[in-house]
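J.: Would you mind keeping the following structure in view while I ask a few things?
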Amino acid sequence: MGRIEDAIRSYLREDDWPLEESELDGVLVTRIGGTSGDWILVTVVREDEEQLLLYSVYPDLVPEQHLDEAMTYVTRANWDLSIGAFELDLDTGEARFRTSIDLEGVDPSEPLLRSLVQSNVVVMDRYLPGLEAICRGEPADDTIAEIEAHRA
């Protein structure tokens, strides 16, 4: 384990986040229970590159017939986000929100990690209902209006 993985593990444990071990080196999994629903937070540590990436992964795959609406939704959501970005794999239907930081020469302090994690979780919690609506086949106009309301 390196300095970044040690720091994120310590932060998550001290903040009572339930950690699940992954078979992949440098990958930690945490289950999130937000106000809008539940999902998984995947933490990826790249010690050699001195990077930390966090992915809030939508719990279901976006059905193929709703990928166009989901793509519009995440593109509109991304437009005004200052930290992080939504990603949508058009081949698999996986949707996720990513925040990341380059820690070259930087101490991965508790306040820095808290900011990175909380920014990720808050944004996913805000936009999760829209993704769920799209996956249920509800009109994209309703979810786009939701995005506009968050910008106001």
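The values are calculated or read from the model by the stated rules, or taken from the named source; none is laboratory data. As the structure is a computational prediction, the values presented were derived from the model and not from experiment. So basically every Cβ, Gly included, is an ideal-geometry build from the backbone, and we count neighbours across all protein chains shown.
J.: Would you be able to tell me the number of residues in the stretch 1-57 that are crowded, with 18+ Cβ neighbours inside 10 Å and among the basic types (Lys, Arg)?
T.: 0
J.: Within the stretch 63-96, can you find the residues that are touching a Lys or Arg at 6+ places or on another chain (Cβ under 7 Å) and loosely packed, with under 12 Cβ neighbours inside 10 Å?
T.: Hit for the stretch 63-96 is ASP80, nothing else.
J.: Tell me, which residue of the stretch 1-42 that is of a type in the set (Phe, Trp, Tyr) and in contact with a strand residue (DSSP E or B) (Cβ under 8 Å, 6 or more places away or on another chain) is farthest from ARG96 (Cα to Cα)?
T.: Only one residue tops the list, namely TRP17.
J.: Output the qualifying pairs, or none if there are none: Cβ atoms under 9 angstrom, residues six or more apart or on different chains, first residue in the stretch 85-104 and closer than 20 Å to GLU49 by Cβ, second residue basic (Lys, Arg).
T.: If the second residue must be basic (Lys, Arg), the pairs left are ALA85/ARG98; GLU87/ARG96; GLU87/ARG98; LEU103/ARG3.
J.: Among the candidates GLY137, GLY93, which residue alone is outside any helix (DSSP H, G or I), at pLDDT 95 or above and touching a His at 6+ places or on another chain (Cβ under 9 Å)?
T.: Criteria check complete, one pass: GLY93.
J.: Please go through the stretch 26-70 and pick out each residue that is out of contact with any Leu (no Cβ under 6 Å at 6 or more places or on another chain) and of a type in the set (S, T, N, Q).
T.: THR35, GLN51, GLN65
J.: Next question. Quick one: ASP38 ticks every box in (1) closer than 15 Å to LEU128 by Cβ; (2) of a type in the set (Asp, Glu); (3) in contact (Cβ under 8 Å) with a residue 40 or more places away in the chain bar one, so which box is it?
T.: (3) is the only condition that ASP38 fails.
J.: Please work out which residue is modelled with the lowest pLDDT, limiting yourself to the stretch 1-57 and to residues that are among the polar types (S, T, N, Q) and in a strand (DSSP E or B).
T.: Ranking the qualifying residues of the stretch 1-57, first place goes to THR30.
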